[in-house]
Amino acid sequence: MLRLHVCVLEAKDLPVSATYVKLRLSKLKAKTRILTNTCNPVWNQEFCFRVHDAEDVLLLSVVSHVNGYVGFVGQVRIPVGSISFEHTLQPAWFSLQSPKSGKFFNKYCGKILLTLYLRGKGRASFTKHKHSPNPTLAVENSKELEGLLHSSCRAPCDKMGVGKLLRVIANGLHKILKKKEGNSKLGDSSEQSTLLSDPEVSAHENSPTCSFEEALAQMESRDNKPEMPGNLSGGVLVDQIYLFSPYDLNLFLFAPKSQFRKDLAELQGITNVQEGPWTWKNGDMSSLTRVVTCTKAATKLVKEVGATEEQTYIRVCRKEFAILCSISTPEAPYGNTFRIELLYKIMPGEEVPSGEESSHLAVSWGIVFLQSTMMKGVIESGARQGLKESFNQFSQKLAQNFKVQDKANFSDKEHFLATLQTEDQWHWWQEVSYFCNFTVVSTFFMCLYVMVHILYCGPSLPQGLEFGGLELPDSFGELIIGGILSIQLQRVYNMLSHFVQARFQMGTDHGLKAHGVGWVLTVALIEGVDLASLESEGVSNPYVVFTCNAQTRSSSVKLQTSNPQWNEILEFEAMEEPPSVLDVEVFHFDGPFDQDVSLGHAEINFLKHTSTELADMWLLLEGKLAQSSQSKLHLRIFLDNNKGVQTIKEYLGKMEKEVGKKLNLRSPQRSSTFQKLFALPPEEFLIKDLTCYLKRKMPLQGRLFLSARILGFYANFFGNKTKFFFLWEDIEDIQVLPPSLATVGSPTLVIILRSGRGIDARHGAKTQDEEGRLRFHFQSFSSFGAACRTIKALWRTRILNPYQKDQITEEHEDQEGFVIPEDYASILENKVNMSRIFSAELPIREPWSIKLCREKDV
């Protein structure tokens, strides 16, 4: 099937400042996002249309969207038959044709920058029906010829031979002279696009005459070099140190005709790889760029699709290289709504004892949504999984060529936190920046002026209603000046009190060390970007609150900023069980007596992130204010067990008292298999696995895995795998249904999740009630009683916070038979205020005579 690819890049000189572009080909329609407050919008969106007829015309209309009113600005009509069969073409400017009526009739409406190309099967039959261009496009022949000569002459004669230059000009003149006489006044913009996008012209216009290595040296010689960018928001895919120089590693990965790229493409099943030449971007020799096209291998869910990857050097400085790759797959499902970005950072590695030169390779990823879609979560999840599998093969292949340096001594907490500024963050310059505004400065000069005036003036005699000790204004001017001065002094006082409250009364947990043994959570709060501001205030005074296992830590308040810099280290007290979730919320501080407003919130699930991702992550905040501003926090999170295996043994010992049965720590091999099966971090240890049936429409036999933080199920029925897990904290209630004929005489364990929880495990649920709670039915355990006690005990342990556990343990530490009652979880759910909860099981010994009588009766 033949496909038309349309890249809507940007527009300029538009008569309105809020516009979008509507595209139509036959019955197919699409549109870009709306951009406001600019007459030169940049969309950078790509669309793909199926072409059924060579006579079809692509219609692009620029539409204004001001205050909810829609108006037509201009349009471009491009016959499909005039578009070239090329994989990558240089962009071309198209003049917008003014409407025949309305506000912009017979006026200049600006230009739009497009890239157009056809791709797919049916090329031979399609070219037979190509017709002459439509003469209604607003591009003049004289300007086209002038643009041709100008573009041809831009390349110096030493870059392209005289013969080639003449041949390019001759080809251009031949194409122009082939046009019909009726097109003498109006030319064809698409013809101009094909002409200016001729591969020979573009290659010689921007291609460096030197080699790839010399081009990198020219980039390095430039004075204004950009800083090394941070990792992209999606997370880190590769973070390794190789015993190889950064320069040679860069050549190995990105040099033209790299053998490593060919071997990797063969390993991943990628075909039709076409690498474009490295060219200067925009012709200013500031950065190198190239375009690589290929066909991705088919997967279980998606057929093979074409992909276009644009690779651009954004930093070349000595031994540091940064390459940004933008990948678009318009043929994939919802492929027009997003693009994937990859950032390769090659930096000098740590010093190696052997003296060899090492390089640090970090590859991060991000996703940019070009259009709003309800499938955003599914797309992100699928992209993350696909990229992880792809770069696992990338790392393995690269490790076969270079020796990998052990990063054990580089990945610890101290190494990452060494770069933070641990000193007090309240510097004098921050105080000056807070008080250096018009209100404070004008008030200071007004007070100074009044004081000088008082010193120059002597005492005056009482006038009017004045008497000794009472001085009144003698004119309306004095009254107005006194009122203004009072208002200014009040505003300065409010600012000063607000500053004192934020600094001294709103304390921070920065620098407090954790106590105890167990699982220690350390959060390094680096900075915030584009935090929301309240409309009433105009600015925000943000601070961050972290909550984990009923413990709370807060940062300091940063006054009047949307991009605060914290650099604070917050540690949580040691916990007996490994934490599952860290809740993050950003507030606006508005004084100790006012209710703070939430600027955004987020939840970090430790089971869905690796330690490398947690060590340096950008957290996108949720909420109405945060989403409108695209607010983000830069965090570094570390989870350590400072007592090793002993902490796990103590945890199992406490669980044995709850279950009433011996629990043995599983072997490392079995725990490792469990971690790989559910993609869990290495600190997650398996407690017990049980054989059971999952009841949906039909019973499905599998295994139920129990760990300290999750309950997971896995089944493999003739190659059809069913796998899911959810957190213990997601469970709202656990019920036991009596045996019935439908369950073949087996009781059923029903696990009910909280509303909105366990979305990823929805495919394993039997039903979903009206409140949105998922219900999971498990049955046919080998020992239903033991399985039920174990599951309920693990659940109760997670829902009780540490303070409740410590209080109950202290009150009953001398009672041997103490256990937590099974209905304690339901008691906590009720809104009943109780000061203390007592529960105990005491052994009762029957008298010997009563026991003997009972034996005789039997």
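The values are calculated or read from the model by the stated rules, or taken from the named source; none is laboratory data. All of these numbers come straight from a predicted model, not from anything done at the bench. Because the Cβ atoms are built from the backbone with ideal geometry, glycine has one as well, and the counts that use them run over all protein chains shown. Accessible surface is based on the protein model in full, side chains and every heavy atom, while ligands, DNA and RNA are left aside. Shrake-Rupley method; radii C 1.70, N 1.55, O 1.52, S 1.80 Å.
Quick notes
- By accessible area with a 1.4 Å probe, ligands and nucleic acids excluded, highest first: order of Trp618, Trp566, Trp93: Trp93, Trp618, Trp566
- Note on surface exposure: Ile526, Ile799 rank Ile799, Ile526 by accessible area, highest first, 1.4 Å probe.
- Taking a ≥ b ≥ c as the square roots of the eigenvalues of the alpha-carbon gyration tensor, the stretch 645-801 is classed rounded because a/c is under 1.5.
- Förster radius 25 Å - calculated FRET efficiency between Ser782 and Val581 (Cβ-Cβ, nearest 0.05): 0.20
- Heavy atoms of Tyr117: accessible area, 1.4 Å probe, square angstrom to 10: 10 Å²
- Distance between modelled label sites at Glu214 and Ser442, nm, 7 Å Cα→Cβ extension: 6.3 nm
- Ile270 contributes about 30 Å² of solvent-accessible surface, heavy atoms of the protein only, 1.4 Å probe.
- Spin-label pair Ala679-Leu479: with each label point 7 Å from Cα along the Cα-Cβ axis, the two points sit 7.5 nm from one another.
- Modelled FRET efficiency - R0 56 Å, Ser672 with Leu496, Cβ distances, 0.05 increments: 0.40
- For the stretch 51-83 and the stretch 679-743, distance of Cα centres in Å: 54 Å
- Pairs from Lys608/Lys688; Lys257/Lys319; Lys376/Lys676; Lys29/Lys632; Lys31/Lys608; Lys300/Lys766 whose Cα-Cα separation, in the structure shown, is over 28 Å: Lys29/Lys632; Lys31/Lys608
- Counting Lys and Arg as +1 and Asp and Glu as -1 over every other residue whose Cβ lies under 12 Å from the Cβ of Leu635, the net charge comes to -2.
- Modelled label positions at Lys262 and Met375, each set 7 Å beyond Cα in the direction of Cβ, lie 3.6 nm from each other.
- Among the protein heavy atoms of the stretch 2-119, carbon and sulfur supply 46% of the accessible surface, probe 1.4 Å, non-protein parts ignored.
- Each of the peptides 662-668, 378-384 was scored by the mean count of other Cβ atoms within 10 Å over its residues; in descending order, highest first, they stand as 378-384, 662-668.
- Entries in Lys657/Lys721; Lys262/Lys303; Lys27/Lys281; Lys22/Lys100; Lys303/Lys397 that, when Cα-Cα distance is taken, lie over 28 Å: Lys657/Lys721; Lys27/Lys281
- Largest to smallest accessible area among Ile604, Ile327 [probe 1.4 Å]: Ile327, Ile604
- Looking at the stretch 506-641, the accessible area is 39 square angstrom per residue; that uses a 1.4 Å probe and ignores ligands, DNA and RNA.
- Placing a label point 7 Å from the Cα of Lys403 along the Cα-to-Cβ direction, the residues of the stretch 212-252 with a backbone N closer than 18 Å are 240-249.
- Calculated FRET efficiency for the pair Thr612/Arg318, C-beta based, R₀ 25 Å, to 0.05: 0.45
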